[in-house]
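Heads up: the structure comes next, in structure tokens.
The values are calculated or read from the model by the stated rules, or taken from the named source; none is laboratory data. Just so it is clear, the model here is predicted, and its values are computed rather than measured. Don't worry about glycine lacking a Cβ; one is built from the backbone with ideal geometry, like all the others, and counts go over all protein chains shown. Heads up: the accessible areas ignore ligands, DNA and RNA and are worked out on the full protein's heavy atoms, side chains in. Shrake-Rupley method; radii C 1.70, N 1.55, O 1.52, S 1.80 Å.
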Amino acid sequence: MTTAENNMESEEKGYEGVQTPLRRFLSDFCEAKLAVVGFFTILAIALVAIMAPFIAPTDPYDLATVSVLDSRLAPGEAMMNGTTAHLGTDGAGRDMVSAMIYGLRISLGVGIGSGLIAMLIGISFGLLSAYAGGKIDSIFMRIVDIQLSFPAILVALVLLVTLGKGVDKTIIALVVVQWAYYARTIRGTALVERRREYIESAVCLGLSKNRIMFRHLLPNCLAPMIVVGTMQIAHAISLEATLSFLGLGMPQTEPSLGRLISNGFEYILSGKYWISVYPGIALLVTIVSINLVGDRLRDVLNPRLQK
Amino acid sequence: MSLSESPTIEVKDLKTYFFTKGGIARAVDGVSFSVGRGKVLGLVGESGSGKTVTGFSILGLVDEPGRIVGGEILYRGENLVSASPDRMRELRGVNISMIFQDPMMTLNPVLRIDTQMIEALQAHESISKDDARQRARDVLGQVGIASPDERLRSYPHQFSGGMRQRVAIAIALLNKPDLIVADEPTTALDVTIQGQILYEVQKLCSQTGTALIWITHDLSVVAGLADDICVMYAGRIVEQGSVNSVLDKPMHPYTDGLISSVPSRNKRGVPLAQIPGMAPSLLKLPKGCSFGPRCAHFSNACDSIPDISNYENGRQIRCHNPLGAGTTLRVTD
Amino acid sequence: MSVFIIRRLMQSALVVVIMSFIVFSGVFLVGDPVEILVSDDADQEEREMMIKSMGLDKPFLVQYGIFISKAIRGDLGDSFVFQEPALLLILDRMPATMELAVVALLIAIVFGIPLGVWAGLKPESLASKSIMTGSILGFSLPTFWVGIMMILLFAVVLGWLPSTGRGDVQIILGMPISVFSWDGFSHVLMPAVNLALFKLSMVIRLARAGTREVMHQDYIKFARAKGLKEQRIILVHVLKNILIPVVTVLGLEFGGLVAFSVVTETVFAWPGMGKLLIDSIGLLDRPIIVAYLMIIVFLFVLINLLVDICYSILDPRVRLQDIKS
């Protein structure tokens, strides 16, 4: 054990209740009950999505079992094969519960997948931009500025009109829309951090550029990335649903939550509410939970608000 | 006691505590002093000693989570601690006004100077805009601002730091207050400008009979300006008395340390004296005398909080082992 | 100042040109217009005639060049479906969209700023915590779903408001406006609220964050020390400080409202240009898609330009970079 560690330990013994950063973070986070509820809701939703094939009463993608005769059954009615459709069936005769579980899987997958890819791309470009400075920085940031000045929905819409439908294409569109947010955020933080003494001392020690960028700069920029990442994933899920509602994004054969809602929209005026309402609630709970966690994370991780 | 002799402000055993997540911070813990008409009191201490909070307490501007939990603040006999928020608002700016430390921050950046001055007048009396502007103009002239008409139409960012502080002082003087609390108003300024402003404030106060509480950490400012001095440490006054007697013959080891750590020409070549250690956190005050751990005269007695003892010429010291106790007479009650 | 404006103008023109290229090459890939325009039983010769007459046999860059030279003259091509100039079709629908966006913007400002300031003044109170939770909801709720739920509740279940479409239109100052008649107002209310929700949450958050920051400033304490009434401190000292950033952001976001009305117009069958866009995407009506996107690009560049110029006039202290970060 080094002397530094020894010192730290003796200090911890000396002051009762001194917290490690992680413990302090957890206790701060848990102060907002809603955020904790949100966190566990996300866990539960993720579990349901992962386990979809084992949990769902029927397989909504299996055309052999889906019958048009079952279409638009009200919640609680029995389907042809005898299973009860607890939340009714949609226009194609799919059991809503199953369709929603599978839809959740797609929505979450697309949201998280595109969020992570966009984050990787954004971090690379943002860090490079901040670290290189000069021309490279101004060119990158000009691109980011122009892209961010146009609303995400339109950019994604044009892309999907061009690309067509499908999971992969939806993810591509969402990545293109999102990367700039990450790039701008990390560049902003990195620029502040870069001026700090520890980077200067790392430079003075003669460390390589890569090492400084990824081992010294990046870890200190992560807090805002976590916050932006959470919010962006919620945003991506919502955007995917919106695009699917507009008839772009996910194909009819693999309905995401947005597509399910869209399917139900044509029946809403005749009072068959369940086809739109229940998937919407699932979508809402997912997004709200993620945002509650993200909101709290921002408060906790924001050094300016810390006392 | 007749009215003319009674002090403008009298603070008695004031206690202002901050109820924070980490515990109770006793920012001001039993502070007493008084300032008479036309007198200047220097309130001296390090940052965090409670001098600014004392100032804010007098104006009733202590922010959450701070609260005045005990004591009295008597302004011409009226207890401000129990005064209603409305009454406090009436007094602020008219009877008691304040000058803040950082002139860059005290003026609202998006409002013109005339707006900020006229509103200060109109908040307290029904006066027409034109009359108010006239008054504002006159006061700006008094504090040494050239071409006040033009200045009135400017925004704060068009002024230098020294000019802004003059404007802030002008606003404090607008309603001819009886008492001004000045919280380190010259700390952020250049030495030459500091000198000018000190001179002008002193002149204005002696002309109008305004009492002045000058909060500072700079003993040299107090030496030239104040009549009386209070030295604060960790929320308590450790020594008070007239400026001359305290600065010539400091009795509290802390005051002595402060005086010796002022760089001066006479002591060239000799290493500067300094007080060892750091000011304690208000959340973790040492047991007994707060200055104990840093004090060269620490004794077993210092494990208990020392009471105030009175000496001749109205001097008060909060110490078990005062310096030069033999040469100054202790007054027993 | 004029140097600054000229430089900004040139930058804007450059952005328009770049965007026009991106839009053109993107939409170039969409659908085969010949398939749509030629009848099913047309023979090879007729097809080739059609391709030639539309200039589709020329290289891509030449086609782009023709597109640009026509666009400068205000010709963005004829709609395949309506056989009319695409630009005119869109300009015809524009007032409806603008009306919707302006009403939504007003809702966001009129409700957002007071709620946000309130939440910023008393961050610990129950009311302000509810406001903030509500604003998280506003951020989270997918606009189209809220729209559907509004129709379900107010049109289907309660029957208070009409579910879709635009009400009677009057010509006021040369513009077709519907909001001033009861029929028009009842039609615009739901879509406008729907469109406003997201921006409302944003205004609340901006106003709250601004208020919290301003309240901690020395000049607020100094204003108190002057003995000002709390009312004046909030209405003048606080509000004026937070208004500049809020209005800037809102100005920049107006384009976002217009763009996002694509969703709201689809839900409420509002006859604006967003609905036209979605219909045209379904029909693969390429000229309308291109024309819509070009108009939006133009609008965005214009808004950015105006905000930058206004800002530099209003507040010379602030460097332009500050607005963007």
Q) Once amide H atoms are built 1.01 Å from N in the peptide plane, which residues 5 or more positions from B:Ile237, or in another chain, come under 5 Å H to H? A) B:Ser32
Q: For an R0 of 56 angstrom, estimate the FRET efficiency from the Cβ-Cβ distance between C:Leu56 and A:Ser124 and round to the nearest 0.05.
A: 0.90
**Q.** Protein heavy-atom accessible area occluded, B/C pair - total, 1.4 Å probe, Å²
**A.** 2200 Å²
Q. How high is the relative contact order of chain B, in percent, with contacts defined as C-alpha pairs under 8 Å that are six or more residues apart?
A. 20 percent
**Q.** Heavy-atom accessible area ranking, 1.4 Å probe, most first, across A:Tyr181, B:Tyr17
**A.** A:Tyr181, B:Tyr17
Q. Ordering A:Arg24, B:Arg89 by how much accessible area each has at a 1.4 Å probe, largest first, what is the list?
A. A:Arg24, B:Arg89
Q) Ignoring ligands and nucleic acids, what accessible area does B:Glu200 show with a 1.4 Å probe (Å², nearest 10)? A) 40 Å²
Q) When you count, for each residue, the other Cβ atoms within 10 Å and take the mean per peptide, how do A:36-44, C:138-146, A:118-126 rank with the highest first? A) C:138-146, A:118-126, A:36-44
(Q) Suppose each label sits 7 Å from its Cα in the direction of the beta carbon; what would the B:Val262-B:Ile127 distance come out to in nanometres? (A) 3.7 nm
Q. Under the rule of -39500 (n - 2.57) per DSSP H run of 4 or more residues, summed and divided by the residues of the protein assembly as shown, what mean residue ellipticity at 222 nm is obtained, to the nearest 500 deg cm²/dmol?
A. -18500 deg cm²/dmol
Q) For A:Gly122, what is the net charge nearby, where nearby means another residue's Cβ is under 12 Å from its Cβ and Lys, Arg count +1, Asp, Glu -1? A) +2
Q. If r is the Cβ-Cβ distance from C:Arg73 to A:Ile136 and R0 is 25 Å, what FRET efficiency results, to the nearest 0.05?
A. 0.05
**Q.** Charge sum, other residues only, whose C-beta stays under 12 Å from A:Ile136's C-beta, Lys/Arg counted +1 and Asp/Glu -1
**A.** +2
Q: Roll a 1.4 Å probe over the protein heavy atoms and report the accessible area of A:Met231 in Å², nearest 10.
A: 50 Å²
Q | Backbone HN-Hα couplings from phi across segment B:302-313 [Karplus 6.51/-1.76/1.60, Hz, Gly and Pro as x] | A | 6, 6, 10, 5, x, 7, 7, 10, 9, 10, 4, 6
(Q) Please compute the modelled spin-label separation between A:Asp28 and C:Leu91, points set 7 Å along Cα→Cβ, answer in nm with one decimal. (A) 5.6 nm
Q) So if R0 is 30 Å, what FRET efficiency would C:Arg232 and C:Arg7 give, r being the distance between their Cβ atoms, rounded to the nearest 0.05? A) 0.15
Q: State the extension gain, in nm to one decimal, for the chain segment bounded by B:Ala273 and B:Ser299, taking 0.36 nm per residue of separation less the distance between their alpha-carbons.
A: 7.2 nm
(Q) Solvent-accessible area of B:Cys289, probe 1.4 Å, all protein chains present, reported in Å² to the nearest ten, please. (A) 20 Å²
(Q) If amide hydrogens are placed 1.01 Å from N in the peptide plane, which non-local residues have theirs closer than 5 Å to the one on B:Tyr311? (A) B:Gln316, B:Ile317, B:Val331
Q) How large is ³J(HN,Hα) for each residue in segment B:160-176, as worked out from phi by the Karplus curve 6.51 cos²θ - 1.76 cosθ + 1.60 (θ = phi - 60°), to whole Hz, x for Gly and Pro? A) 7, x, x, 5, 4, 5, 4, 4, 4, 5, 4, 5, 5, 8, 3, 9, 6
Q) Counting only protein chains, not ligands or nucleic acids, how are A:Cys221, A:Cys30 ordered by accessible area (probe 1.4 Å), most first? A) A:Cys30, A:Cys221
Q: Anything losing 30 Å² or more of accessible area from the isolated chain to the full protein assembly: pick those residues out of segment B:68-111, probe 1.4 Å, ligands and DNA/RNA ignored.
A: B:Arg89, B:Arg92, B:Phe100, B:Met105, B:Thr106, B:Asn108, B:Pro109, B:Val110, B:Leu111
Q: With θ set to phi - 60°, apply the Karplus curve 6.51 cos²θ - 1.76 cosθ + 1.60 along segment C:9-18 and write out the HN-Hα couplings as whole Hz, x wherever there is a Gly or Pro.
A: 4, 5, 4, 4, 4, 4, 4, 4, 5, 4
Q) How much net charge surrounds C:Gly134 when only other residues with a Cβ under 13 Å from its Cβ are counted (Lys, Arg +1; Asp, Glu -1)? A) +2
**Q.** lysines whose Cα lies under 17 Å from that of A:Lys33, excluding same-chain neighbours fewer than 8 positions away
**A.** C:Lys129
Q.
Checking the cross-link filter: which lysines have an alpha carbon closer than 21 Å to that of A:Lys165, excluding same-chain neighbours under 8 positions apart?
A. C:Lys275
Q: Which order do the peptides C:298-305, B:223-230 take when ranked by the mean count of other beta-carbon atoms within 10 Å per residue, highest first?
A: B:223-230, C:298-305
(Q) In square angstrom and rounded to 100, what buried accessible area do you get between chains A and C, total over both, with the probe at 1.4 Å? (A) 3400 Å²
Q. Under a 5 Å amide H to amide H cut-off, with H placed in plane at 1.01 Å, what residues pair with B:Gly38 once short-range neighbours are removed?
A. B:Thr210, B:Ala211
Q) To the nearest 20 debye, what charge dipole does segment C:89-285 have about its Cα centre, counting +1 at the Cβ of each Lys and Arg and -1 at the Cβ of each Asp and Glu? A) 1100 debye
Q: Could you size up the charge dipole of the protein assembly as shown around its Cα centre, putting +1 on the beta carbon of Lys and Arg and -1 on that of Asp and Glu, and report it in debye to the nearest 20?
A: 2640 debye
**Q.** Linear extension gain, C:Glu213 paired with C:Ser181, 0.36 nm per residue minus alpha-carbon span
**A.** 7.3 nm
Q) Points 7 angstrom from Cα along the Cβ direction at A:Leu43 and B:Asn79: gap in nanometres? A) 5.5 nm
